[in-house]
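K.L.:
Got a structure for you, questions after.
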Amino acid sequence: MSLTQYYVAATLDGFIADRDHSLQWLFTARSDDGGPPGYRAFISAVGAIAMGANTYEWIVAHASPGTDPADAPWPYEQPCWVFTHRELPLPRSSAPIVFASGDVAMAHTEMVAATAGRNIWVMGGGDLAGQFADAGVLDELLVAIAPTTLGGGAALLPRPLDLTLHDVSRNGDFACLRYAVGRGWMSRNE
C-alpha cells in the first residue's frame, strides 16, 4: 500500500520558503544526501509527486537558470500533479505533468493509480500538504529542520494537525523528524 508523505525541509521557526518564495536558505546548511531521512531511498520509493504552483515555478526557474521554461529540463521521472488556478509554462519532461485545481482527494485517487504501489510525495507547499491532511489522505510528515530562521515566509503547515512522533535522527546540520499524521499511518503499518 502506498503512503502519501509530506517530505520537506523547514527552518527552525517553521518556514519552507522565504517571503519571496526562495529556497536559497536551504543550501547554506550541511547535509549528506545518503543520510537520514535518506533522500535517495525516499525518491526511489516515490511513484507520483504533488506540488503547488510556487514550488513548481521555483523548480522550473532553477532547473536551468536563464533558459526559457519550455526548454528547461524537468528534474523528476515520476508523474507530477501541480495544483494551480493559473496557467503555467510546461518544461521539457519525459514524465507527465498534470495541472490540477479543486479537490485534492480526486487528484489523489488518480495519483494512487499512477504510483503502481509506490508512495506519493507532497513536495510543497504547506497549504497543499494541509489540504491533503484535511482530505484524510496524508499519512506522514518527514521534515528536516535547518539551523536557520527566516522570521516569515511560507509556513511549514499553516493549520493545526494531530501528529505522532515516530522517529528522530540527525543529518549534518539538520534535525530530522518523522511524524504520523493522525492515526491512519500507525494503524496501517503497526
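The values are calculated or read from the model by the stated rules, or taken from the named source; none is laboratory data. These numbers come from a predicted model, not from an experiment. Backbone-built Cβ (ideal geometry, glycine too); neighbour counts: all protein chains shown. Quick note on the areas: whole protein, heavy atoms, side chains included, nothing else; ligands and nucleic acids left out. Shrake-Rupley method; radii C 1.70, N 1.55, O 1.52, S 1.80 Å.
K.L.:
Taking region 14-35 on its own, how many of its residues are part of a loop (DSSP other than H, G, I, E, B) and closer than 23 Å to F132 by Cβ?
P.N.:
Looking only at that region, the number is 3.
K.L.:
Now for a different question. Considering only region 74-102, state which residues are over 18 Å from the mean Cα position of the chain (by Cα) and open to solvent by 50 Å² or more (accessible area, probe 1.4 Å).
P.N.:
The answer is H85, R86, E87, P89, L90, R92, S94.
K.L.:
Quick one: which residue in S101, S94 is polar (S, T, N, Q) and touching an Asp or Glu at 6+ places or on another chain (Cβ under 9 Å)?
P.N.:
S94
K.L.:
Also, I was wondering about something else. Restricting to region 142-174, what's the tally of residues that are in a loop (DSSP other than H, G, I, E, B) and of a type in the set (A, V, I, L, M, F, W, C)?
P.N.:
Within region 142-174, residues that are in a loop (DSSP other than H, G, I, E, B) and of a type in the set (A, V, I, L, M, F, W, C) number 4.
Here is a yes/no grid of residues against (1) buried (at least 16 other Cβ atoms within 10 Å of the Cβ); (2) at pLDDT below 95; (3) among the hydrophobic types (A, V, I, L, M, F, W, C):
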{"site": "L141", "(1), (2), (3)": "yes, no, yes"}
{"site": "T149", "(1), (2), (3)": "no, no, no"}
{"site": "L156", "(1), (2), (3)": "yes, no, yes"}
{"site": "A180", "(1), (2), (3)": "yes, no, yes"}
{"site": "S187", "(1), (2), (3)": "no, yes, no"}
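K.L.:
Could you list all residues from region 43-58 that are under 12 Å from the mean Cα position of the chain (by Cα), of a type outside the set (S, T, N, Q) and open to solvent by 20 Å² or more (accessible area, probe 1.4 Å)?
P.N.:
I43, the sole residue that qualifies.
K.L.:
From the list D68, D33, D20, which residue is open to solvent by 30 Å² or more (accessible area, probe 1.4 Å), acidic (D, E) and touching a Phe, Trp or Tyr at 6+ places or on another chain (Cβ under 7 Å)?
P.N.:
The match here is D33.
K.L.:
Something else about it: Being touching a residue at least 24 places away in the same chain (Cβ under 8 Å) and either closer than 16 Å to Q5 by Cβ or assigned to a helix (DSSP H, G or I) (or both) is the requirement here; does D127 meet it?
P.N.:
The answer is yes for D127.
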